[in-house]
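Q: Below you will find the structure I want to go over with you.
The values are calculated or read from the model by the stated rules, or taken from the named source; none is laboratory data. Keep in mind it's a predicted model, so treat the numbers as computed, not measured. In this analysis, Cβ positions are derived from the backbone assuming ideal geometry, glycine residues included, and neighbour counts consider all displayed protein chains.
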Amino acid sequence: MVPLPEDVEVWRGIRNSVAVFGVPAAKIDSLIGGDGTEVPMFFATSLSRNVAATEFTTPGPYPVLYKITAQAGTPAVGVSPIGQQSDAYQQELLFPPGVVVRILRVDRRLRVPVVDVEVSDG
């Protein structure tokens with residue numbers, strides 16, 4: 001993993017907000033702010049909003065879409081050059097366990113809520 005040289009916008013689809021956040025999509029607003037939550041596992045994202053939205057929010061009972069600003073200095077690795085060629089279109093950027101995710105706001109203008117978060121080095 002290499003520290004990001006600058007802030008990067010990436011995306012992550014979530015099929016079930018209850019499994020991830022402990023609340024349905026309609027109540028994610030209650031999680032805005034705070035110090036953030038340390039992610040205990042690898043955290044996969046995509047440079048493509050379309051891939052995250054179409055492949056990783058369905059099927060699911062409470063889908064949401066993360067719009068992530070990964071802060072400069074956060075360790076990450078681009079998987080596409082080293083992963084399976086058949087998955088390269090996913091444009092995956094992988095973060096290690098221990099990064100911190102903080103929810104900033106929730107946009108409900110679309111069918112699937114977009115949750116703006118920032119990811120930083122824990």
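Q: What residue, of PHE21, PHE43, is within 26 Å of ALA88 (Cβ to Cβ) and among the aromatic types (Phe, Trp, Tyr)?
A: Testing whether each residue is within 26 Å of ALA88 (Cβ to Cβ) and among the aromatic types (Phe, Trp, Tyr) leaves just PHE43.
Q: How many residues, within the range 37-89, are farther than 26 Å from PRO5 by Cβ, in contact with a Ser or Thr (Cβ under 6 Å, 6 or more places away or on another chain) and of a type in the set (A, V, I, L, M, F, W, C)?
A: Going through the range 37-89 one residue at a time, the tally reaches 1.
Q: Would you confirm whether any residue within the range 78-93 is touching a residue at least 60 places away in the same chain (Cβ under 8 Å), within 13 Å of the chain's Cα centre (by Cα) and not in a strand (DSSP E or B)?
A: Within the range 78-93 (the criterion being touching a residue at least 60 places away in the same chain (Cβ under 8 Å), within 13 Å of the chain's Cα centre (by Cα) and not in a strand (DSSP E or B)), the answer is no, since none of the residues qualifies.
Q: So which residues in the range 22-46 are assigned to a loop (DSSP other than H, G, I, E, B) and either β-branched (Val, Ile, Thr) or in contact with a strand residue (DSSP E or B) (Cβ under 8 Å, 6 or more places away or on another chain) (or both), if there are any at all?
A: VAL23, PRO24, ILE32, GLY33, GLY34, ASP35, GLY36, VAL39, PHE42
Q: Of all residues in the range 99-108, count the ones that are at pLDDT 95 or above and either outside any strand (DSSP E or B) or more than 20 Å from VAL18 (Cα to Cα) (or both).
A: 1
Q: Filter the range 46-59 down to residues that are surrounded by fewer than 17 Cβ atoms within 10 Å (Cβ to Cβ) and over 13 Å from GLU92 (Cα atoms) and give me whichever is modelled with the highest pLDDT.
A: Once the filter is applied, the top-ranked residue is THR54.
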